[in-house]
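Only one structure is covered here, and it is reproduced in the block below.
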Amino acid sequence: MANNLKILILMVLTTTNGILFPLKAQENDVMENDTIHLSLTDSAIIGGLQKIDTLQLKNAVQMPFKPVPTRAVIYSAVFPGLGQIYNRKYWKLPLVYGGFMGFAYAISWNHKNYKDYSDAYYFIVKDDPDDPESWNNSWISFVPAGRDPAEYIRDANFKSRLKNGKDFYRRYRDLSIILTVGWYLICMADAYVDAQLFDFDISDDLSMRVEPVFSPQTAYSSRLYGISCSIKF
């Protein structure tokens, strides 16, 4: 009877272990899968948050403006004053456009006078002195008021004054054009130099430093003592 009871207890324990072991193994597998899934999800979330933080940091911290010299000179070449705008030197715009307006006026004024003198000289040479009705008004307008034009059509000095006036205004018209081109190049150079020296440190510290200098003796020179003077500006 006792032996039968021991056998029965042994069978019950064996059956219980056989049922519990698969359940425990299944539970372990589920926990491992959950751990892997959570680990992958956490890594993706952390990576996304880091990217967001990086973008926010870039937007929050803006790099200081530094113009590119080549770009500044190209802008100035395309349109005068655009290089100064790119360099944020807006106060130079009145100087730039004021210079161009002054040269444009000089070109226009000298060209108008050159044209008047040129036409007057051309027609006074061409017109027939014996046919007053065919005389052109271009040179007659240069005759002093109240004087007879017939007195001047044969006057060599009057013709010379017309020719000199023509040459004078043509010279200054051409000079005004050359100065306009020069002003255009100066504006380009100014834009380039401004961009090149945009972040150049201009300090108000003007100081002079004096200190002793000692040079040891070598095989090629003797021992030297002196004073070094350096100026900071």
Worksheet, complete the sentence: Here segment 102-110 yields Karplus 3J(HN,Hα) values (6.51, -1.76, 1.60; θ = phi - 60°; whole Hz; Gly and Pro given as x) of x, 5, 5, 5, 5, 5, 5, 5, 5
Worksheet, complete the sentence: In whole Hz, the Karplus estimates of ³J(HN,Hα) for segment 82-90 (6.51, -1.76, 1.60; θ = phi - 60°; x where Gly or Pro) are 5, x, 5, 5, 4, 7, 6, 9, 5
Item to complete: Take peptides 126-139, 144-157 and line them up by average Cβ neighbours within 10 Å, highest first, as a rough protection proxy.
Response: 126-139, 144-157
Item to complete: Report the full-extension gain for the segment Arg171 to Asp128: residue separation times 0.36 nm, less the Cα-Cα distance, to one decimal in nm.
Response: 12.5 nm
Item to complete: Could you give log10 I(q)/I(0) at q = 0.30 Å⁻¹ for segment 95-142, computed by the Debye formula over C-alpha point scatterers of equal weight, without solvent?
Response: -1.00
Fill in: In Hz, Karplus ³J(HN,Hα) per residue of segment 148-156 (6.51, -1.76, 1.60; θ = phi - 60°; x = Gly, Pro)
7, x, 5, 6, 9, 5, 9, 7, 5
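Here, each number is a calculation from the coordinates, and none is a lab measurement. Not measured: the values here are computed from a predicted model. Please note: Cβ atoms are built from the backbone with ideal geometry, for glycine as well, and neighbour counts cover all protein chains shown.
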